[in-house]
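Everything on this sheet refers to the single structure shown next.
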Amino acid sequence: DQQVKQNSPSLSVQEGRISILNCDYTNSMFDYFLWYKKYPAEGPTFLISISSIKDKNEDGRFTVFLNKSAKHLSLHIVPSQPGDSAVYFCAASGSGGGADGLTFGKGTHLIIQP
Amino acid sequence: DVKVTQSSRYLVKRTGEKVFLECVQDMDHENMFWYRQDPGLGLRLIYFSYDVKMKEKGDIPEGYSVSREKKERFSLILESASTNQTSMYLCASSNMNTEAFFGQGTRLTVV
């Protein structure tokens, strides 16, 4: 059973507009959430994270929102740029501080159109 | 600059061969992981290790084993490669309560 779900396999956004990527989770033991970006033939690179004690974390153009009651998080990218075109993975870890690995969603392919 | 280095970017192996994928990290991280990435399936955890000589099964350990003799090195072993093990293999490392850093990946093709 999938514990981290990204229900949109792809998303197309115009350059300069806001990109919103969504993620849902089912395991209430998850307490740390991360977003990774991945280009083809490369390893994922860390973008931003949020602890379950917060509901928002911001880093430059990237903001992650967490709604614990809905078990939902989202990544906002504003403004979207051509270099943002990539696959974005949502990931979660439990109370072990990540020592037992991350659980990933299947990814959303973000396409930024000029 | 922090680094996780995987020994090969691309590998082609024959069915039945024993395959070794090597990973080295220079960040003195406690935890190391092996994932595989397949289209439409995301990243799935094969094995992880939280200390030297310690190893734990992830979600899909069948057909794989691992070795961690030194803190900085974590090896993934395919005992007898099969075509369904054709995949992108990703090594990662982390400390407690920090993000995981990934290597560049190894694209393994089993023919």
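Where a number appears in this text, it was derived from the coordinates with a stated rule and is not lab data. Predicted, not measured: the structure shown is a model, and the values here were computed from it. For neighbour counting, all protein chains shown are included, and Cβ atoms are generated from backbone atoms with ideal geometry for every residue, glycine included.
Give just the number: which of (1) touching a Lys or Arg at 6+ places or on another chain (Cβ under 9 Å); (2) within 22 Å of residue B:41 (Cβ to Cβ) does residue A:79 not satisfy?
Of everything listed in (1) touching a Lys or Arg at 6+ places or on another chain (Cβ under 9 Å); (2) within 22 Å of residue B:41 (Cβ to Cβ), residue A:79 misses just condition (2).
Just the residues that are at the interface with another protein chain (Cβ under 9 Å from one of its Cβ atoms), hydrophobic (A, V, I, L, M, F, W, C) and within 13 Å of the chain's Cα centre (by Cα), please, taken from the range B:47-99.
Once the filter is applied, which keeps residues that are at the interface with another protein chain (Cβ under 9 Å from one of its Cβ atoms), hydrophobic (A, V, I, L, M, F, W, C) and within 13 Å of the chain's Cα centre (by Cα), the range B:47-99 yields B:48, B:88, B:90, B:91, B:92.
Here's a check for you: in the range A:46-91, which residue that is in contact (Cβ under 8 Å) with a residue 60 or more places away in the chain and within 12 Å of chain B (Cβ to nearest Cβ) is surrounded by the most Cβ atoms within 10 Å (Cβ to Cβ)?
Residue satisfying both the conditions and the ranking: A:90.
Of the residues in the range A:23-45, how many are surrounded by 19 or more Cβ atoms within 10 Å (Cβ to Cβ), more than 7 Å from chain B (Cβ to nearest Cβ) and more than 19 Å from residue A:72 (Cα to Cα)?
Within the range A:23-45, residues that are surrounded by 19 or more Cβ atoms within 10 Å (Cβ to Cβ), more than 7 Å from chain B (Cβ to nearest Cβ) and more than 19 Å from residue A:72 (Cα to Cα) number 1.
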